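What follows is a short report on a single structure.
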There are 2 protein chains.
Amino acid sequence: MSWGKAAVVAAGIIPFGELFDQGYESLAAGAFRSMLSGADRSIALSEIDACVVATQRGSLWGQEGIGGNTVPSAIGLSGIPCTRVENACPSGSDAFRVGAMMVASGVHDRVLVIGVEKMRDKSTQEGLLSRAAAGHPVYTRGETAPVLFAPFATRHMHEFGTTREMLAQVAVKNHHNGCLDPYAHFRSEVTVAQVLESPPVCSPLHLLDCCPQTDGAAAVLLTRPEIAADFTDRPVFVAGFGVATDHPYLHEKATYVGLPATQLAASRAYSMASLGPDAIDCAEVHDCFTITEILDIEDLGFVEKGKGGQATLDGLTALDGKLPVNTSGGLLAKGHPIGATGVAQLVECFWQLREEAGERQVAIRKGNALQHNVGGRGSGVSVVTILTRDPA
Amino acid sequence: MSWGKAAVVAAGIIPFGELFDQGYESLAAGAFRSMLSGADRSIALSEIDACVVATQRGSLWGQEGIGGNTVPSAIGLSGIPCTRVENACPSGSDAFRVGAMMVASGVHDRVLVIGVEKMRDKSTQEGLLSRAAAGHPVYTRGETAPVLFAPFATRHMHEFGTTREMLAQVAVKNHHNGCLDPYAHFRSEVTVAQVLESPPVCSPLHLLDCCPQTDGAAAVLLTRPEIAADFTDRPVFVAGFGVATDHPYLHEKATYVGLPATQLAASRAYSMASLGPDAIDCAEVHDCFTITEILDIEDLGFVEKGKGGQATLDGLTALDGKLPVNTSGGLLAKGHPIGATGVAQLVECFWQLREEAGERQVAIRKGNALQHNVGGRGSGVSVVTILTRDPA
């Protein structure tokens with residue numbers, strides 16, 4: 001039997017993109033309004049007991065360190081408890097987990113989880129060059145995100161014969177899915193040749209192997225399962241989740257062909273949900289780079305270690321494949337507004353399980369969807385969440 | 001009956017101060033080791049299921065935005081789930097609340113809560129002047145912390161006849177208590193005359209009306225109440241807690257003689273704990289400025305609105321008073337390492353309730369202690385926690 005002690009009863013996101021015209025609180029408010037307008041019945045503000053806000057870096061937009069507690073006032077909920085959760089790239093999914101535990105603890109019956117990130121308003125003070133000079137020894141050595149993931153691609157190619165074409169196929173697939181997602185940042189097809197010929201960023205990763213920087217927000221409402229039917233006759237339940245940390249720095253890694261934090265988080269989530277990878281209908285996984293999705297589908301147990309590249313070429317993870325992955329377009333096409341990403345992935349899982357995903361709807365046979373993030377100096381922490389139509 | 005669904009079974013802190021010789025993870029590790037060495041029995045690393053880290057601003061020390069997930073690896077717990085909670089000045093107390101809900105949810109049996117903040121390693125990039133130029137309209141208008149609290153002092157003086165001598169008595173009392181706390185940043189007495197004659201910062205607040213900038217860390221271990229006896233025969237239970245937000249900006253405030261977020265958080269905490277302010281033996285409250293403690297003791301219901309200054313002069317809140325407040329020295333003398341502050345206040349409550357507070361031990365008659373923080377553009381969010389020896 002799965003955990004099932006919290007239910008998702010409403011979900012919403014805003015179209016992702018470069019949203020220079022919207023402030024941080026505006027993004028959050030947009031996701032909240034989208035959730036309210038998409039709900040199966042009208043939800044009064046007074047029905048929301050508490051809020052968890054995921055934002056990875058409030059400082060980008062100049063308002064240092066208060067990335068959460070300004071949100072309730074801005075969305076008409078001043079007074080309610082509000083907590084900011086930050087956990088690097090998995091901030092949004094971890095905020096969802098914290099919200100689910102708030103509900104399961106009996107303290108709050110209805111918890112709003114909002115993920116929001118404003119990535120594109122970098123001042124020069126907060127840009128890469130200034131961060132590189134900010135004093136931390138690792139930053140000063142140019143350890144940007146592509147630098148953290150490229151060695152995994154190199155080693156995966158070396159050990160398993162993974163090719164740049166296999167990596168490129170991840171981008172081709174996810175950009176195709178993004179074309180079908182009205183909320184995606186990028187909505188145009190790319191070809192394998194375009195990926196291969198795009199400018200190199202950090203070998204063997206080229207520009208189209210990398211996700212963009214995107215502004216965005218997403219929101220879900222979690223309730224006790226006993227009251228979910230009050231909001232919708234099609235709630236989706238939290239079957240399980242898992243979080244795991246790893247040694248954060250590249251020189252400490254035990255392996256360069258997998259992410260132990262993902263493997264451990266997945267085993268915890270599967271155990272809590274009382275199911276395995278073969279029970280998953282579709283998954284939203286962390287494809288910050290093309291190689292990351294290949295590592296993910298291996299580490300999550302969808303394919304054997306080393307077979308992720310070939311499985312992608314073979315169409316396993318395509319929309320019409322046996323296990324569609326990143327139906328939303330993923331981080332590569334939908335975008336990666338950090339705090340919003342995990343919540344947005346869970347919104348996609350919610351829609352897929354309710355068969356509301358429009359042109360990108362996949363076949364739901366077993367009733368379970370999986371969400372995954374990894375981050376924190378690349379792979380210092382992973383979160384895996386499993387949603388289900390039937391928690392029994 | 002109080003909530004009682006989580007218990008504190010061990011607690012530790014490091015001596016607060018200007019700890020230039022210790023890195024962020026070193027501070028966290030020190031608090032963790034202090035907790036382990038102070039525990040009633042030996043605790044194995046494998047007994048800790050999950051971690052919540054409170055840090056308000058990871059960026060001060062150059063390692064942007066990953067203020068939590070580097071901690072487990074540094075303290076020998078790599079692999080465990082770890083979540084960073086940030087909620088402005090109440091970050092530590094809110095992390096404790098999240099940890100308590102994790103335990104109560106049934107997901108984690110033993111949750112480590114660490115608050116840690118490195119305040120004194122500011123680069124010029126992160127200093128006040130550069131923040132003032134960082135683009136947020138409020139920052140650019142010089143809205144520093146003293147500026148956010150001084151108008152409350154002015155208005156409180158105007159409406160209630162509160163005097164600078166009354167404010168000064170808060171500092172005199174808390175610095176006296178700090179002399180008795182081996183973990184306090186400042187350990188010397190101050191006189192009313194010294195406070196009055198200290199350099200003005202923002203009228204009517206002078207230097208000794210203000211808390212210092214301090215490095216520090218604190219840790220507690222939370223468990224399910226059913227297994228608390230496995231760790232100690234004197235556990236302390238979480239009786240209740242409350243969080244409330246308020247409109248964050250000064251121009252939006254409904255009043256300048258009280259903090260509605262504190263009043264609302266307190267009413268929630270008292271209700272959850274099934275007790276009132278008269279059941280509290282001692283309290284650690286947020287005295288970032290002297291005026292703040294006066295507002296706090298009124299907003300928490302210890303004295304009538306407007307009477308906080310006179311009550312302080314009369315000795316109500318002194319170590320030998322009817323309701324001792326800030327026995328640890330408070331933020332004014334012990335220091336205010338933001339993420340650590342709330343956790344450290346809860347450590348002091350734990351020690352007082354267990355009658356382990358040494359020279360500053362107060363009489364425990366009812367078995368309950370209260371902890372309070374406020375912050376977020378001054379007063380955008382408050383957290384109140386009530387600990388008890390007997391949850392029945």
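Just name the residue that is farthest from A:LEU319 (Cα to Cα) out of those in the range A:152-173 that are of a type in the set (Lys, Arg) and touching a residue at least 60 places away in the same chain (Cβ under 8 Å). Quick ask: steps written out before the conclusion?
Of the range A:152-173, the ones of a type in the set (Lys, Arg) are A:155, A:164, A:173.
Subsequent filtering for residues that are touching a residue at least 60 places away in the same chain (Cβ under 8 Å) retains A:155, A:173.
Values: A:ARG155: 28, A:LYS173: 8 Å.
Ranking the candidates gives A:ARG155 first.
Could you pull out every one of the strands (runs of 3 or more DSSP E) wholly within the range B:1-119 that has 1 or more residues that are under 23 Å from B:VAL374 (Cα atoms) and at pLDDT below 95? Walk me through it before giving the result.
Working: elements: B:7-13, B:50-54, B:82-86, B:110-117.
Fully inside the range B:1-119 and qualifying: B:82-86, B:110-117.
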Complete set of residues in the range B:271-282 that are in contact with a Gly (Cβ under 8 Å, 6 or more places away or on another chain) and in a helix (DSSP H, G or I): B:SER271, B:MET272, B:ALA273, B:PRO277
Within the range A:199-213, restricting to residues that are outside any strand (DSSP E or B) and touching a residue at least 12 places away in the same chain (Cβ under 8 Å), the one that is nearest to the chain's Cα centre (by Cα) is A:CYS211
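Take the conditions modelled with pLDDT of 95 or more, surrounded by fewer than 24 Cβ atoms within 10 Å (Cβ to Cβ) and more than 8 Å from chain A (Cβ to nearest Cβ) and apply them to B:THR124. Does it pass? Walk me through how you get there before you give the answer.
Numbers: modelled with pLDDT of 95 or more: no; surrounded by fewer than 24 Cβ atoms within 10 Å (Cβ to Cβ): yes; more than 8 Å from chain A (Cβ to nearest Cβ): yes.
Taking the combined requirement at face value, the residue does not satisfy it.
What are the residues in the range A:240-258 that are in contact with a Phe, Trp or Tyr (Cβ under 6 Å, 6 or more places away or on another chain) and not hydroxyl-bearing (Ser, Thr, Tyr), if any? It would help to see each step written out before you state the result.
Pass one, the range A:240-258, residues in contact with a Phe, Trp or Tyr (Cβ under 6 Å, 6 or more places away or on another chain): A:240, A:256.
Residue satisfying the conditions is A:GLY240 alone.
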Criterion first (modelled with pLDDT of 95 or more, within 13 Å of chain A (Cβ to nearest Cβ) and either crowded, with 24+ Cβ neighbours inside 10 Å or assigned to a loop (DSSP other than H, G, I, E, B) (or both)) does B:THR262 satisfy it? yes
The one condition in (1) touching a strand residue (DSSP E or B) at 6+ places or on another chain (Cβ under 8 Å); (2) in a loop (DSSP other than H, G, I, E, B) that A:ARG268 fails to fulfil: (2)
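Residues are listed down the side, and each one gets a yes or a no for (1) touching a residue at least 12 places away in the same chain (Cβ under 8 Å); (2) in contact with a strand residue (DSSP E or B) (Cβ under 6 Å, 6 or more places away or on another chain); (3) away from chain A (no Cβ under 14 Å):
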{"position": "B:ASP314", "(1), (2), (3)": "no, no, yes"}
{"position": "B:ALA340", "(1), (2), (3)": "yes, yes, yes"}
{"position": "B:ALA344", "(1), (2), (3)": "yes, yes, yes"}
{"position": "B:PHE350", "(1), (2), (3)": "yes, yes, yes"}
{"position": "B:GLY358", "(1), (2), (3)": "yes, no, yes"}
{"position": "B:LEU370", "(1), (2), (3)": "yes, yes, yes"}
{"position": "B:GLY376", "(1), (2), (3)": "yes, no, no"}
{"position": "B:VAL384", "(1), (2), (3)": "yes, yes, no"}
{"position": "B:LEU387", "(1), (2), (3)": "yes, yes, yes"}
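Being farther than 22 Å from B:SER78 by Cα and free of Cβ contacts under 8 Å to residues at least 40 places away in the same chain narrows it down to one residue among A:GLU293, A:GLU304; which is it? Spell out the reasoning first.
Numbers: A:GLU293 fails: free of Cβ contacts under 8 Å to residues at least 40 places away in the same chain.
None of the other options fit; the residue is A:GLU304.
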If I filter the range A:31-38 for residues that are closer than 24 Å to B:SER105 by Cα, over 21 Å from the mean Cα position of the chain (by Cα) and touching a residue at least 12 places away in the same chain (Cβ under 8 Å), do I get at least one hit? no
Out of the residues in the range A:341-392 meeting the condition of being surrounded by fewer than 24 Cβ atoms within 10 Å (Cβ to Cβ) and of a type in the set (Val, Ile, Thr), tell me which one is farthest from A:ALA318 (Cα to Cα). A:ILE364
Residue within the range A:159-168 that is in contact with a strand residue (DSSP E or B) (Cβ under 6 Å, 6 or more places away or on another chain), surrounded by 17 or more Cβ atoms within 10 Å (Cβ to Cβ) and in a loop (DSSP other than H, G, I, E, B) present: no
Go through the range A:238-250 and give me each residue that's within 12 Å of another protein chain (Cβ to nearest Cβ) and either of a type in the set (Gly, Ala, Ser) or over 15 Å from A:LEU370 (Cβ atoms) (or both). A:GLY240, A:GLY242, A:ALA244, A:THR245, A:ASP246, A:HIS247, A:PRO248, A:TYR249
Near pairs, Cβ below 6 angstrom, 6+ apart or cross-chain, from the range A:77-103 (touching a residue at least 12 places away in the same chain (Cβ under 8 Å) and within 8 Å of chain B (Cβ to nearest Cβ)) to any residue that is small (Gly, Ala, Ser) and assigned to a helix (DSSP H, G or I): A:VAL85/A:ALA95
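Could you pull out the residue among B:GLY216, B:GLY178 that is closer than 30 Å to B:GLU355 by Cβ, in a helix (DSSP H, G or I) and in contact with a helix residue (DSSP H, G or I) (Cβ under 6 Å, 6 or more places away or on another chain)? If you could, list the steps in order and put the result at the bottom.
Details: B:GLY216 fails: in a helix (DSSP H, G or I).
Answer to the selection: B:GLY178.
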Inside the range B:190-214, can you point out the residues that are more than 18 Å from B:LYS118 (Cα to Cα) and in contact with a Gly (Cβ under 9 Å, 6 or more places away or on another chain)? none
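The values are calculated or read from the model by the stated rules, or taken from the named source; none is laboratory data. Keep in mind that what you see is a predicted model, and the values were worked out from it rather than measured. Counting neighbours? That spans all protein chains shown, and the Cβs are built from the backbone with ideal geometry, glycine included.
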